[in-house]
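First comes the structure, then the notes that go with it.
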Amino acid sequence: MRTMFILRGAPGAGKSTLIRRHRLGDLAIGLDDFRRLYSTPFTDLDGEPTLSMAFGAERQVVSAFRAAVASRVRLGGTIVLDCTNPARKSYREFASLARRCGYRVYVIDVQGDLDDAELIERNETRRGTLGYVEPQVVADIAARVRAGAASVVEPVVGLEDVRRLNTIAETDAAEHYERLVIIGDVQSCAGALAKAKKHFGGWDPATLFVLVGDLFDRGPDAAGVMDLIVEDGRVPDNIVLVEGNHDEHLRMICSDVRGGSWPDTRESRRQILASGRRDGDIEALLARMVPMAGLRFAGEHILVTHAGLDPATIDRIAAEGEDGLLTWDLTEVPMLQLLLGSSARSTTFQGRSGYERAVEARLSHPRILQVHGHRNGARREEPGPALAAPNVYTLEHRVEHGGHLAVLQIDADGTRTLHAFTQDAPVLTGAAADPTSLVARMSAHPEVRVREVDGMPGVIACNFSRKAFVKGLWDQTSCKARGLFLRAADAEVVARGYDKFFNIGQSPGPAGLGEVVRAGAGRPLSVRRKWNGYLAIVSVVDGRLRVFSKSGVTAYSEHAESLLRAHLGDRADELAALIAAAGVSLTFEVISRRDPHIVDEGDDRVVLLDAIRNQEDMELVDDLRLRLAEDFGLVSPAVEVLSEAVDEADDDALAALAARARAAEERGEEGFVITYAGGAMTKYKTRAYGEVKAFRSQLARHLAGRPVRAAGPGSELMRACLDREAAEGPGFVKGFMVDGLVEPVVDIPALVAALRGGAQRQRS
């Protein structure tokens, strides 16, 4: 459970003794633990044992200690900080990180009223051991502890309070409520949640509502979910919000705690902020969340967690009081276990949860009715029944993927009823209602996500699902859903980007350059440089120049629009008239110092990539692209025609492609786009680009406190980065942070340059 206890006291105060007495050794962490790891036993002139560290090792000790504490904080377990901590500045860094991660922070003054003489006498009992400290050192630290007491602002408790403060008491819900309703993972599906709310007569005050977590992410309307739950600036008292792993992601992002990329979570935050709310509103909602809910209702003990606990854990942490109600001691249950669920040993050590169907049966407890979300069988399988095992309800039914929002109703007489509420697609009218229309096909496709664009009523954004991307679930429809914008009323394409196309070697793309040549026999073969930025799509909608990112109107599209309008000046309306008359969208690669990628492409600018007809089938209008680039002074990549008509066994064409690949490697480019076989497109990515991209992924894992690979792509750069951190401290990478479009990000090109060139100067 998320609690941090900061011990204060000089050597001899009894910190270690009390930790052992209260059986908190596995939860304690201190600098001395790391000093021993970085030291070797040594004997001094008096024959006394001591420790010897290499010169400069103390800095490495401190760095390793900080990283370990940060990692523990992100796991969400109880932490006992076993250091002297004479003043608040000694632990302020850890307390601040803990609070941003949802922790409650307490101070335990172990030294108390002990005087120097008693502290030194206690310390003398350690003489002849590695724990012995010189008497003067004891006295100096004790004086600093006394002087620093005034700086402590956290609540002061005793070690005997640790378990009490980590204990949750069961609530007798039958005293106040006639009905209990437990709602599964909402996942930003406001439509489904609205149906559930309406079914139960709103947030009926005679009903206790418990939501199992994962309110946000993946679905279409995070802001709508928040609007349904937060009424008049507050969450109704009869709503209990159990925290899910996606809710934790949102806390990390809002608190600026680096823990992962989480694109779905960033989109949820963007939607909420776009609705007029602030990060403070999000944080207030998250502050209402609890790690679990223990309820007594209809004669049963009911445990609601996000992901489910095993019976052994339940028996270990649950105790029944004289009133028949349970107490739940979560001292040794980290949030990681509550968020991801009890798992097999093999997955637990990797910080993962198990999804095999057999897990559910193993969660069954004879005396506890357990209700959870998060998982329901293996990811590749369809969800199993809500009543997954005796006394186990699983309310994760993938509402965001075309399933339903599962809801369990328990009446006062013990009657249990399961409900299912679906997330409806946007209402289609007119020509769009025809099931053969493009809008209808996109809406019906299981791997396409459609949602209305913020601030543009009636305009729908279509994008393929993450599942399609990860599992390669591509067909003609899902490949088109990549920055495709349609009008719901008439199915008209109002803006579009590229159909999804693939890297060489990435299925279903060509396996190699030779396959490109064979597939393009008798047709032209051309290449052009691939710029390393992000994509912006420009079109005219309802007479107005509009700029989109692939998902709609975002901070990225707004930044792209500002760069484009700055370049165009008073000619923006002229460009709008030209592309409206031509019925096309323009695609741009946006280069920005606020969004550094892998390759340093220089100063902020927009690069005109293509003009694409606003129609279902992708058609490039290259003569218009060239004309607009010239007329408006836009940078646009030159097309290199390698062959006007490729022969099936054209060695010259293959040699030209190979030479272009070598040139891209030598120039340090991202790669190039190949057009072949009558308009088919594929991408060649350089090995250097792939190496740095893999390093970026490993760096994200490292900053999140997760282990990194010892070998493979990016590992050499990662080792160099770890070496620099060890030498210069954990702030080394922070020196390369820049103010990103949404949040601070690492300037990867600058960091890589420093690692490869040994540069000492960091970016500010």
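Every number in this text was worked out from the coordinates using simple rules, so none of it is lab data. Nothing here was measured: the structure is a model prediction, and the numbers come from that model. Glycine gets a Cβ as well: all are built from the backbone with ideal geometry, and neighbour counts include every protein chain shown.
I need the chymotrypsin sites (Phe, Trp or Tyr not before Pro) found in region 1-70, filtered to DSSP loop residues with at most 13 other beta carbons within 10 Å of theirs.
Sparse-neighbourhood loop chymotrypsin sites (Phe, Trp or Tyr not before Pro): Phe55.
What FRET efficiency comes out for the pair Arg288/Met53, r = Cβ-Cβ distance, R0 = 41 Å, nearest 0.05?
0.30
Taking Lys471 as the anchor, which aspartates and glutamates have their alpha carbon closer than 16 Å to its alpha carbon, excluding any fewer than eight residues away along the same chain?
Hits, sequence-local ones excluded: Glu381, Glu382, Glu447.
Say the dipole of the chain comes from +1 at the beta carbon of Lys and Arg and -1 at that of Asp and Glu; which of Gly56, Val333, Gly602 then lies farthest toward its positive end?
Result: Gly56.
List the aspartates and glutamates whose Cα sits under 18 Å from the Cα of Lys89, skipping any in the same chain fewer than 8 residues away.
Asp109, Asp140, Glu154
Which aspartates and glutamates, on any chain, are close to Lys685 with Cα under 15 Å apart, when same-chain ones fewer than 8 places away are left out?
Straight-line reach from Lys685, under 15 Å: Glu665, Glu666, Glu669, Glu670.
Counting other beta carbons within 10 Å of each Cβ, put Glu447, Glu400 in order, fewest first.
On the way: Glu447 19, Glu400 22.
Ranked by crowding around the Cβ, least crowded first: Glu447, Glu400.
Taking amide H positions as placed 1.01 Å from N in the peptide plane, with prolines and chain starts having none, which residues 5 or more places from His301, or on another chain, fall under 5 Å of its amide H?
Residues meeting the amide H criterion: Leu369.
In whole Hz, with x marking every Gly and Pro, tabulate ³J(HN,Hα) for region 23-28 from phi via Karplus 6.51 cos²θ - 1.76 cosθ + 1.60, θ = phi - 60°.
6, 10, x, 6, 9, 8
For Arg21 paired with Val152, estimate the spin-label separation in nm (one decimal), with each label point 7 Å from Cα along the Cα-to-Cβ line.
Calculated label separation equals 1.6 nm.
Could you list log10 I(q)/I(0) for region 425-491 at q = 0.17, 0.18, 0.26 Å⁻¹, which the Debye formula gives when each Cα is one point scatterer?
-0.53, -0.59, -1.09
Given just the C-alpha atoms of the chain, how large is their convex hull per residue in cubic angstrom?
About 196 Å³ per residue, rounded to a whole number.
Can you show me the helix-derived [θ] at 222 nm for the chain, built from DSSP H runs with n ≥ 4 at -39,500 (n - 2.57) apiece and divided by the number of residues, rounded to the nearest 500.
Roughly -10000 deg cm²/dmol at 222 nm, from the helical runs in the chain.
Over 21 Å between C-alpha atoms is what I'm after, so list which of Lys467/Lys500; Lys197/Lys550; Lys198/Lys467; Lys467/Lys530 land there. Before the final figure, lay out the partial values.
Working: Lys467/Lys500 14 Å; Lys197/Lys550 32 Å; Lys198/Lys467 31 Å; Lys467/Lys530 26 Å.
Pairs exceeding the cut-off: Lys197/Lys550; Lys198/Lys467; Lys467/Lys530.
For Cα pairs less than 8 Å apart in space and 6+ apart in sequence, what is the mean separation divided by the residue count of the chain, i.e. the relative contact order in percent?
10 percent
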